[in-house]
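Asker: Below is the structure I would like to discuss, written out as structure tokens.
The values are calculated or read from the model by the stated rules, or taken from the named source; none is laboratory data. None of these values were measured; they are calculated from a predicted model. Glycine gets a Cβ as well: all are built from the backbone with ideal geometry, and neighbour counts include every protein chain shown. Note: accessible area is taken over every heavy atom of the protein model, side chains too, but ligands, DNA and RNA are not part of it. Shrake-Rupley method; radii C 1.70, N 1.55, O 1.52, S 1.80 Å.
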Amino acid sequence: MNIAQPQSSRNWMSRRRWIPSAVLILMGMVTVLGILGRTSQAFGPTGHRVVGRVAETHLSGAAAAAVKELMGSETLPEAATWPDEIRSDSTLPNTGDFHFVTIEDGQTYETSTKNPNGDAIVKLQEFIGVLQRPSASKEDKVTALRWVVHLIGDLHQPLHVGRGADRGGNSIKTKWFGQDTNLHKIWDSEMIDSTQLSFSEIAEFINSPTPDQIAKWQGSTIRDWVQESLDYRQQVYTPPGPEAKDTYKYAYDNLPLVNLRLTQAGVRLAGVLNDIYSEPVAGPWPKMPNSLHWMRNSAEYKAAAFQTYTVAWTRLRGLKNANELPANGAWAVALDADETVLDNSLYSKEQRGSYSSATWKAWCEREESQAVPGAAEFLKYVHSLGGKIAIVSNRKLEVLVATKSNLTKLGIPFDVILLKDDTDEKEPRWQKISEGTASPDFPPLRIVMYFGDNITDFPDLDQAQRFKPAADFGTFGNHYFVLPNPAYGSFEANPRN
């Protein structure tokens, strides 16, 4: 699946284009006829497990092996319900906002008010990014995979792209075979559970997409999935009446859509994982990807890198001339290492874009990274003004000696290198610089500039920054400085639309 392949936002799939077998519809309706409403749990455990089971049948060999290596005996159906199960743990942060997107009638995702703690789109992209990130810990990747399985299911439930005023249908009271319920519960669980089928039985019955459907579904983007759920809302936001006959009709009218969304979610989940864990192509690239070719061979990349450091040089000189730098050298610049100070494009070329911890460790120990244009000259200028240089990188501690040696060979000055210990988060390491605990030789230092090639190399920022207005980018070019890296990064999880 091309997670970010540019696609039209069209809703190319309508209910009429997916006709479940008459046998399946009949089976669902026969079992519904004698059943009273059941207690609901979010896109219930059954629905989420169906998504996981459907996905397992569409995984590539490489993806299935990677999931097995990461999760051990835990299957995708088992992983699918974990984000709901942890809601009852009061010791964990509140993740309720992660499960849905709020879009009012007449609005788009761009114009909608976003959930305070991040919505299902933002969090799904973040967790996909964790799975793609070579430096992420196994524990973080296990957690991320559980969330990816779950959130893809959530985004395919139309009322998880609901209206804020009625809390995605939770405030719309209705009856399900005479029992009090709400519209959201009907879509999360009650229609699915009323079939009296296990998750594996449902998955077996509905999992028959055509090759053309698989290709189209896996070629769509996360935002396309949300738009589909939004388009289905008019049908969904019509609750059944109070009589049993109303329940029968609502189930008959809507079970085909439930089956469609479960199948699409499973197929798309498999596509995401197949992309993340795709096998590298054997032999040399027939054609180097343009992103890497640009970094290694273009005049534009070199110019852009020099430009970033030249702007930083000018800004730092201005701070010096205005006497705005802390006295006695009590200041520092903080820089990411890879693709900010050190150029590793040769590693990407040699590995044909693939990554493993073993080959990366071996690369670092070769000490063959080159200097990013402009980095050495700028950092020498920092030292000439009495400032300190802190390299804050998510390279592992095991390559600390090799990293220091590589920088020294290139003539790149530094005062302290803070590599990854048990977390990718850089905030604790930046805090050490500010508190004076980064090095025995360091007093408390004010960080006057941050440098990186990834938005997460800057305090309190992530890919959600792209939705912010222009005014929220004023720090860049003054306090924050970005180096170009189109080859890899957290941006890869963003939809391309």
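Asker: What about SER171, is it among the polar types (S, T, N, Q) and open to solvent by 40 Å² or more (accessible area, probe 1.4 Å)?
Answerer: Numbers: among the polar types (S, T, N, Q): yes; open to solvent by 40 Å² or more (accessible area, probe 1.4 Å): yes.
In short, yes.
Asker: Kindly establish whether ALA120 is closer than 22 Å to GLN465 by Cβ, surrounded by 21 or more Cβ atoms within 10 Å (Cβ to Cβ) and at pLDDT 85 or above.
Answerer: On the way: closer than 22 Å to GLN465 by Cβ: yes; surrounded by 21 or more Cβ atoms within 10 Å (Cβ to Cβ): yes; at pLDDT 85 or above: yes.
Yes.
Asker: I've got another one for you. Counting only residues that are in a strand (DSSP E or B) and open to solvent by 50 Å² or more (accessible area, probe 1.4 Å), which one in region 379-426 is farthest from LEU342 (Cα to Cα)?
Answerer: So in region 379-426, the residues in a strand (DSSP E or B) come out as 388-396, 416-420.
Narrowing the set further to residues that are open to solvent by 50 Å² or more (accessible area, probe 1.4 Å) leaves 388, 396.
Working: LYS388: 18, LYS396: 15 Å.
Among those that are in a strand (DSSP E or B) and open to solvent by 50 Å² or more (accessible area, probe 1.4 Å), it is LYS388.
Asker: Which ones in region 310-348 are closer than 30 Å to THR359 by Cβ and assigned to a helix (DSSP H, G or I)?
Answerer: Restricting attention to region 310-348, the residues satisfying the condition of being closer than 30 Å to THR359 by Cβ are 334-348.
Scanning region 310-348 gives SER345, LEU346, TYR347, SER348.
Asker: Could you tell me which numbered condition VAL311 fails, if it satisfies all but one of (1) more than 30 Å from the chain's Cα centre (by Cα); (2) of a type in the set (Val, Ile, Thr); (3) surrounded by fewer than 17 Cβ atoms within 10 Å (Cβ to Cβ); (4) under 20 Å from LYS420 (Cβ atoms)?
Answerer: (4)
Asker: Any idea which of GLY241, GLY164, GLY178 is open to solvent by 20 Å² or more (accessible area, probe 1.4 Å), touching a strand residue (DSSP E or B) at 6+ places or on another chain (Cβ under 9 Å) and more than 23 Å from ASP97 (Cβ to Cβ)?
Answerer: Details: GLY164 fails: more than 23 Å from ASP97 (Cβ to Cβ); GLY178 fails: touching a strand residue (DSSP E or B) at 6+ places or on another chain (Cβ under 9 Å).
GLY241 is the lone residue from the list that is open to solvent by 20 Å² or more (accessible area, probe 1.4 Å), touching a strand residue (DSSP E or B) at 6+ places or on another chain (Cβ under 9 Å) and more than 23 Å from ASP97 (Cβ to Cβ).
Asker: In this structure, does ASN394 turn out to be more than 15 Å from VAL333 (Cα to Cα), touching a strand residue (DSSP E or B) at 6+ places or on another chain (Cβ under 8 Å) and not charged (D, E, K, R)?
Answerer: Details: more than 15 Å from VAL333 (Cα to Cα): yes; touching a strand residue (DSSP E or B) at 6+ places or on another chain (Cβ under 8 Å): yes; not charged (D, E, K, R): yes.
Answer is yes for this residue.
Asker: OK, next. Could you say whether any residue in region 321-333 is within 31 Å of the chain's Cα centre (by Cα), under 19 Å from LEU407 (Cα atoms) and surrounded by fewer than 16 Cβ atoms within 10 Å (Cβ to Cβ)?
Answerer: No, every residue in region 321-333 fails to be within 31 Å of the chain's Cα centre (by Cα), under 19 Å from LEU407 (Cα atoms) and surrounded by fewer than 16 Cβ atoms within 10 Å (Cβ to Cβ).
Asker: Then there's this: I'd like to know if region 479-493 contains one or more residues that are of a type in the set (Val, Ile, Thr), assigned to a loop (DSSP other than H, G, I, E, B), open to solvent by 50 Å² or more (accessible area, probe 1.4 Å) and within 27 Å of LEU325 (Cα to Cα).
Answerer: Of all residues in region 479-493, those of a type in the set (Val, Ile, Thr) come to 482.
Now narrow it down to the ones that are assigned to a loop (DSSP other than H, G, I, E, B): none.
No: region 479-493 contains no residue that is of a type in the set (Val, Ile, Thr), assigned to a loop (DSSP other than H, G, I, E, B), open to solvent by 50 Å² or more (accessible area, probe 1.4 Å) and within 27 Å of LEU325 (Cα to Cα).
Asker: Could I ask something else about it? Condition (residue is open to solvent by 50 Å² or more (accessible area, probe 1.4 Å) and either among the small types (Gly, Ala, Ser) or within 26 Å of VAL50 (Cα to Cα) (or both)) applied to region 98-113: is it met by at least one residue? It would help to see each step written out before you state the result.
Answerer: Of the residues in region 98-113, the ones open to solvent by 50 Å² or more (accessible area, probe 1.4 Å) are 100, 104-108, 110-111, 113.
Add one more test, that the residue is either among the small types (Gly, Ala, Ser) or within 26 Å of VAL50 (Cα to Cα) (or both), and what stays is 100, 106.
Yes, the conditions are met somewhere in region 98-113.
Asker: Among the numbered conditions (1) at pLDDT below 90; (2) small (Gly, Ala, Ser); (3) open to solvent by 50 Å² or more (accessible area, probe 1.4 Å), tell me where SER208 comes up short.
Answerer: Unmet for SER208, out of (1) at pLDDT below 90; (2) small (Gly, Ala, Ser); (3) open to solvent by 50 Å² or more (accessible area, probe 1.4 Å): (1).
Asker: Is there any pair linking a residue in region 179-197 that is free of Cβ contacts under 8 Å to residues at least 24 places away in the same chain to one that is open to solvent by less than 10 Å² (accessible area, probe 1.4 Å), with Cβ under 7 Å and at least six apart or on different chains, and which?
Answerer: If the second residue must be open to solvent by less than 10 Å² (accessible area, probe 1.4 Å), the pairs left are ASN182/GLY169.
Asker: Let me ask you something else. Tell me whether region 245-259 contains one or more residues that are over 29 Å from THR111 (Cα atoms), of a type in the set (Gly, Ala, Ser) and outside any strand (DSSP E or B).
Answerer: Within region 245-259, one or more residues are over 29 Å from THR111 (Cα atoms), of a type in the set (Gly, Ala, Ser) and outside any strand (DSSP E or B).
Asker: Taking region 444-463 on its own, how many of its residues are open to solvent by 30 Å² or more (accessible area, probe 1.4 Å), assigned to a helix (DSSP H, G or I) and either more than 19 Å from ASN394 (Cβ to Cβ) or touching a residue at least 40 places away in the same chain (Cβ under 8 Å) (or both)?
Answerer: Total meeting the criteria: 1.
Asker: Among the hydroxyl-bearing types (Ser, Thr, Tyr), in contact with an Asp or Glu (Cβ under 6 Å, 6 or more places away or on another chain) and surrounded by 15 or more Cβ atoms within 10 Å (Cβ to Cβ) - does that describe any residue in region 345-362? Before you say what the answer is, go through the steps one by one.
Answerer: So in region 345-362, the residues among the hydroxyl-bearing types (Ser, Thr, Tyr) come out as 345, 347-348, 354-357, 359.
Subsequent filtering for residues that are in contact with an Asp or Glu (Cβ under 6 Å, 6 or more places away or on another chain) retains none.
Looking through region 345-362, none of the residues is among the hydroxyl-bearing types (Ser, Thr, Tyr), in contact with an Asp or Glu (Cβ under 6 Å, 6 or more places away or on another chain) and surrounded by 15 or more Cβ atoms within 10 Å (Cβ to Cβ).
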